[in-house]
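Below is one structure; the comments refer to it alone.
The values are calculated or read from the model by the stated rules, or taken from the named source; none is laboratory data. Source: prediction; values computed, not measured. Because the Cβ atoms are built from the backbone with ideal geometry, glycine has one as well, and the counts that use them run over all protein chains shown. Heads up: the accessible areas ignore ligands, DNA and RNA and are worked out on the full protein's heavy atoms, side chains in. Shrake-Rupley method; radii C 1.70, N 1.55, O 1.52, S 1.80 Å.
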Amino acid sequence: MEKSQLRVVDLKSRDMLREIENGIVYGLPVLLQDVLEELDPALEPVLAKALMKVGNREVLRLGDKELDYNKDFKMYITTKLGNPHYTPEVSTKTTIINFAVKQQGLEAQLLGIVVQKEQPALERQKSDLTLRVAAGKKKLVDLEDEILRLLSETEGSLLENEDLVDTLQQSKVTSDDVSRQLKEAEDTEIRIDLKREEFRSAAIRSSIAYFVLNDMARVDPMYQFSLDAYVDLFNQSMDESRTNAKSISSADRCRQINIAHTLSVYKYTCGGLFERDKLLFALQLCLRILTSEGNIPKQEFDFFCRGGMVSDRSDQRQNPCPEWIDAGTWDNITELDSIPACMGIASSFEQGHRDWRAWFTSSKPEEMSLPGHPPGLIPFID
C-alpha cells in the first residue's frame with residue numbers, strides 16, 4: 001500500500017528516531033517492527049499526537065527538537081508476540097489490529113481453495129454474487145443519502161419541490177428493483193453455500209492440521225511453519241489425491257483429500273522435527289482429528305489429561321480403604337465416577353475392596369480383569 005516510501009526500523013536501529021523525524025517532517029510512512037509489550041518512552045509524543053500551534057505551523061516536539069508536522073505522516077507498529085497485552089494508555093492512542101490466523105477464518109479460506117479447485121464454476125459464481133450483493137447494498141445507501149441531502153437543502157414546502165418529488169419517485173422504483181435483485185441474489189447465494197458445504201470436511205481437517213503445526217512452537221520456538229507454504233502443500237495434496245474416476249461424490253472426494261493431506265502434513269513436518277518430538281506431533285494430530293469428529297468424549301479426555309480435582313470434600317464419598325488408597329487417588333476415583341462411561345466405579349470399591357486391592361498389588365494388573373466390572377468401564381479402558 002505504501003510501496004517504496006515506507007521506512008522500516010526496529011528498536012535496535014541506531015537511526016530509529018532519525019527515520020521517524022524524517023517521516024514526520026516529509027509525510028513518509030514509518031514501520032516500527034518487532035516491538036515488545038513496553039514501547040520506547042521517546043515515542044509518547046508521536047503516539048499522543050501532541051501537536052502545538054506555532055504561528056501557522058503545527059509542531060510536534062520529539063526529544064529536544066521541534067518538528068513541522070506533515071499530515072501525510074503515518075506510523076505502523078508490529079509485534080511478533082503471540083498474545084501481547086498493552087496498557088490502556090497505548091491502546092487508546094493506537095488502533096490495534098490482530099492479524100493472527102484464527103481457525104474459523106482459515107477454514108473459510110481453505111474451503112474457498114477446495115471449491116475453486118474442485119468446482120471452479122461454483123466458486124466464480126459465489127464471487128460474482130458477493131460483488132453484486134455488495135454493489136446493490138451500496139446503491140441503496142447512496143439512494144438514502146441522496147434523499148436526505150435533498151430534504152436538507154429544500155426550502156419551503158416539500159410538495160412544491162418538483163425535483164425532490166421526481167427524485168423520491170425514481171428512488172422508490174430503483175430501490176424496489178435493487179431490493180428484488182438482492183433477494184434473488186441472496187437466495188441463489190444460499191443454494192451455492194449449501195453446495196459448497198459438501199466440501200467443508202476437507203477444510204476442517206486441513207485447518208486442524210495447520211493449528212497443530214502452529215502449536216508445535218510451544219514445544220520448541222524453532223518450529224515455525226509458513227501459512228503460504230502450508231497452502232501450497234494443501235494444493236499439492238489435492239492434486240496428488242485425484243484419481244481417474246469419472247464420477248465421484250463430494251464426500252468420497254473429501255475423504256481422498258483428507259487421507260492424502262494428513263499423510264503429507266505428517267511427512268512434511270517430521271522432516272523438520274527432532275526425533276523426540278515426532279511422536280508428540282503424531283499424537284496431537286490424531287487427538288485433534290478424533291476430537292473434531294466427536295470420537296473422543298471431552299469429559300473423558302479432560303480427565304485423562306488432568307485427573308480429578310475435588311475442591312470441597314464435605315460431600316465426597318467416604319474412602320473405604322484409606323490404608324492403601326490415599327486422598328488424591330480417592331479424589332480421582334470419585335471424579336471418575338461422575339463420567340457416564342465409568343459410573344459405578346466408586347461403589348465397586350466400597351463393595352469389593354478386597355478384589356480391588358488384589359488387582360492393585362498384582363505384578364501384572366493389565367492382564368487381570370477389573371473387579372466389579374462397572375458398566376461401561378471396560379470399553380472405556382480398552
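Here are some notes:
- Scanning region 255-274 for residues that are assigned to a helix (DSSP H, G or I) and open to solvent by less than 60 Å² (accessible area, probe 1.4 Å) yields 256, 257, 258, 260, 261, 262, 264, 265, 269, 270.
- The residues of region 99-120 that are part of a helix (DSSP H, G or I) and open to solvent by less than 60 Å² (accessible area, probe 1.4 Å), listed by number, are 105, 106, 107, 108, 110, 111, 112, 113, 114, 115, 118, 120.
- Looking only at region 318-357, and only at residues there that are more than 17 Å from residue 371 (Cβ to Cβ) and not in a helix (DSSP H, G or I), the one that is farthest from the chain's Cα centre (by Cα): 323
- Looking only at region 143-158, and only at residues there that are without any contact (Cβ under 8 Å) to a residue 12 or more places away in the chain and part of a helix (DSSP H, G or I), the one that is nearest to residue 172 (Cα to Cα): 144
- Among residues of region 141-165 being open to solvent by less than 90 Å² (accessible area, probe 1.4 Å) and among the charged types (D, E, K, R), the one that is nearest to residue 130 (Cα to Cα) is 142.
- Elements of type helices (runs of 4 or more DSSP H) contained in region 9-98, each with 1 or more residues being exposed (fewer than 14 other Cβ atoms within 10 Å of the Cβ) and at pLDDT below 90: 88-93
- Residue pairs whose Cβ atoms lie under 7 Å apart, sitting 6 or more positions apart in sequence or on different chains, and linking a residue in region 4-20 that is more than 14 Å from residue 65 (Cβ to Cβ) to a partner that is β-branched (Val, Ile, Thr) and part of a loop (DSSP other than H, G, I, E, B), are 11/35.
- Filtered residues of region 203-236 (kept if of a type in the set (Gly, Ala, Ser) and part of a helix (DSSP H, G or I)): 203, 206, 207, 209, 217, 229
Here's the yes/no breakdown for (1) in contact with a Leu (Cβ under 9 Å, 6 or more places away or on another chain); (2) hydrophobic (A, V, I, L, M, F, W, C); (3) under 15 Å from residue 110 (Cβ atoms):
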position: 198; (1), (2), (3): no, no, yes
position: 218; (1), (2), (3): no, no, no
position: 229; (1), (2), (3): no, yes, yes
position: 244; (1), (2), (3): no, no, no
position: 254; (1), (2), (3): no, yes, yes
position: 260; (1), (2), (3): no, yes, yes
position: 270; (1), (2), (3): no, yes, no
position: 294; (1), (2), (3): no, no, no
position: 298; (1), (2), (3): no, no, no
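- Among the residues making up region 160-184, a single one is touching a helix residue (DSSP H, G or I) at 6+ places or on another chain (Cβ under 8 Å) and modelled with pLDDT of 80 or more: 179.
- Pairs, first within 20 Å of residue 216 (Cβ to Cβ) in region 79-105, second hydrophobic (A, V, I, L, M, F, W, C) and surrounded by 13 or more Cβ atoms within 10 Å (Cβ to Cβ), C-beta under 6 Å, six or more apart: 103/211
- Of residues in region 287-330 being without any contact (Cβ under 8 Å) to a residue 24 or more places away in the chain and surrounded by 14 or more Cβ atoms within 10 Å (Cβ to Cβ), the one farthest from residue 362 (Cα to Cα): 291
- Test: residue in region 246-254 that is under 25 Å from residue 217 (Cβ atoms) and part of a helix (DSSP H, G or I): no
Here's the yes/no breakdown for (1) at pLDDT 95 or above; (2) of a type in the set (D, E, K, R):
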site	(1), (2)
266	yes, no
297	no, no
311	no, no
324	no, no
332	no, no
335	no, yes
